[in-house]
Amino acid sequence: MMDLDLAHTVLDAQPFSRMLGARLTHIGDDGVTLAVDVRDDLRQQYGYIHGGVLSYLADNALTYAAALGLGPDIVTSGFSIEYLSPARDGRELVTHATLVHAGRTKAVARCDISVIDNDGTRRVVAAAQGTSMVRGRGSRTALQH
């Protein structure tokens, strides 16, 4: 129901995603992968990547995964996130989300957010689960948050 070209179009239509430099690197039956480069302007006062950046990654990745089952005309209805470890050093944040279940109007997805260190080591820093629901009549390129 969602292919990589449409997903890129939707992501590019989100000014906040463009500001973060978010990239969809994979979309398929096995899930969705979204990435953001680690930058100093994404850090909070202790030098960790701000939790809002991790929440953004969860929100977007979960919604894209839900779109695999519901199509693109959906909105996030809620999600919960657990911060497991501070994201400090590294070159990239990568989120992989999978569709858990899709009904007619609502879907559940889950994801892990990892930091990729400069040596290529992947370390999970957060985990999230969320729901998305069909928005209703209107644009078929929504994926709104």
Would you mind stating whether Tyr46 is touching a Phe, Trp or Tyr at 6+ places or on another chain (Cβ under 9 Å) and either within 11 Å of Arg88 (Cα to Cα) or aromatic (Phe, Trp, Tyr) (or both)?
no
Does Ser85 satisfy being open to solvent by 30 Å² or more (accessible area, probe 1.4 Å), in contact with a strand residue (DSSP E or B) (Cβ under 6 Å, 6 or more places away or on another chain) and outside any strand (DSSP E or B)?
yes
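Residues checked against (1) open to solvent by 40 Å² or more (accessible area, probe 1.4 Å); (2) more than 11 Å from the chain's Cα centre (by Cα); (3) among the acidic types (Asp, Glu):
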{"position": "Leu42", "(1), (2), (3)": "no, yes, no"}
{"position": "Thr63", "(1), (2), (3)": "no, no, no"}
{"position": "Ser80", "(1), (2), (3)": "yes, yes, no"}
{"position": "Asp119", "(1), (2), (3)": "yes, yes, yes"}
{"position": "Gly136", "(1), (2), (3)": "no, yes, no"}
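Quick one: which of Tyr48, Tyr56 is touching a residue at least 40 places away in the same chain (Cβ under 8 Å), closer than 21 Å to Phe16 by Cβ, open to solvent by 20 Å² or more (accessible area, probe 1.4 Å) and within 13 Å of the chain's Cα centre (by Cα)? Before you say what the answer is, go through the steps one by one.
Values: Tyr48 fails: within 13 Å of the chain's Cα centre (by Cα).
The conditions single out Tyr56.
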Picking from Ala13, Ala22, the residue that is open to solvent by less than 30 Å² (accessible area, probe 1.4 Å) and either touching a residue at least 24 places away in the same chain (Cβ under 8 Å) or of a type outside the set (A, V, I, L, M, F, W, C) (or both) would be Ala22
Taking the options Val108, Val115, name whichever one is over 14 Å from Gly31 (Cβ atoms), part of a strand (DSSP E or B) and at pLDDT 95 or above.
Val115
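Criterion first (surrounded by 13 or more Cβ atoms within 10 Å (Cβ to Cβ) and either at pLDDT below 90 or closer than 22 Å to Val100 by Cα (or both)) does Leu6 satisfy it? Show your work before the answer.
Details: surrounded by 13 or more Cβ atoms within 10 Å (Cβ to Cβ): yes; either at pLDDT below 90 or closer than 22 Å to Val100 by Cα (or both): yes.
For Leu6, the condition - surrounded by 13 or more Cβ atoms within 10 Å (Cβ to Cβ) and either at pLDDT below 90 or closer than 22 Å to Val100 by Cα (or both) - is met.
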All positions within the stretch 20-58 that are of a type in the set (Val, Ile, Thr) and either farther than 20 Å from Asp5 by Cα or not in a strand (DSSP E or B) (or both)
Val38, Ile49, Val53
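The values are calculated or read from the model by the stated rules, or taken from the named source; none is laboratory data. As the structure is a prediction and not an experimental result, all values here were calculated from the model. Heads up, the Cβs are rebuilt from the backbone with ideal geometry, glycines too, and the neighbour counts pull from every protein chain shown. For the accessible areas, the whole protein counts, side chains as well, though only heavy atoms, and no ligand, DNA or RNA atoms are used. Shrake-Rupley method; radii C 1.70, N 1.55, O 1.52, S 1.80 Å.
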